[in-house]
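Report on the structure given below.
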Amino acid sequence: MQRTLSIIKPDGVRKQVTGKVLAMFEEKGIRTVALKMLHLTKERAMGFYKVHKDRPFFDSLTTFMSSGPVVVMVLEGDDVINRVRTIMGATDPKKADRGTIRNTFASDIEKNIVHGSDGPESAATEIPYFFSEMEIHAQ
Ligand code: ATP
Ligand code: MG
């Protein structure tokens, strides 16, 4: 059993597709074990994406991520890290497979609706960045 952190980014909340994104995970049997809405400060968004601090898109990305509320969640299931990444689709929605979240809802490579941890080490740091163990409800 594995856990991953996912975020519905400000564009997803603004487009009112939160429920549809959750349904796309639930339909695949992935369980939501923690969920909340937050409005990230620029600093908290910078901390979250600090691996990208030297990339040219870092300032724009963190401004976008702090531009409105997000929905953060912990998802659980077998091989959930890879399965969530598959359901999300490629970073660039133009390259994302049909039927993926990003292909269905995203407008551009930055405003791409959803985040998912990219491996076990990222999941292990990203989950406690937003949730205490008491907020995670194993099922
Ligand atoms: P995420 O980490 O959000 O799940 P990802 O792992 O598919 O996405 P990363 O390479 O980690 O992609 O990039 C993090 C985020 O930075 C992307 O989801 C996107 O919002 C933004 N981003 C990535 N590449 C670019 C780019 N070339 N131009 C603008 N924004 C970008
Ligand atoms: Mg990433």
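The values are calculated or read from the model by the stated rules, or taken from the named source; none is laboratory data. All values derive from a computational prediction rather than experimental measurement. A quick note on method: Cβ atoms are made from the backbone with ideal geometry, for glycine too, and the neighbour counts reach across all protein chains shown.
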I109: within 11 Å of ligand 1 (Cβ to nearest atom), more than 16 Å from A34 (Cβ to Cβ), in contact with a helix residue (DSSP H, G or I) (Cβ under 7 Å, 6 or more places away or on another chain) and hydrophobic (A, V, I, L, M, F, W, C), yes or no?
no
Elements of type strands (runs of 3 or more DSSP E) in region 1-85, at least 3 residues being within 16 Å of ligand 2 (Cβ to nearest atom) and touching a Cys at 6+ places or on another chain (Cβ under 6 Å)
none
Could you tell me how many of the residues in region 49-71 are more than 9 Å from ligand 1 (Cβ to nearest atom) and in contact with an Asp or Glu (Cβ under 9 Å, 6 or more places away or on another chain)?
4
Criterion first (surrounded by fewer than 15 Cβ atoms within 10 Å (Cβ to Cβ), β-branched (V, I, T), at pLDDT 95 or above and under 23 Å from K15 (Cα atoms)) does T41 satisfy it?
yes
Condition check: within 21 Å of P128 (Cβ to Cβ) and at pLDDT below 95. Does M1 satisfy that?
yes
Inside region 24-41, can you point out the residues that are without any contact (Cβ under 8 Å) to a residue 60 or more places away in the chain and more than 13 Å from V74 (Cβ to Cβ)?
E26, E27, K28, G29, M37, H39, L40, T41
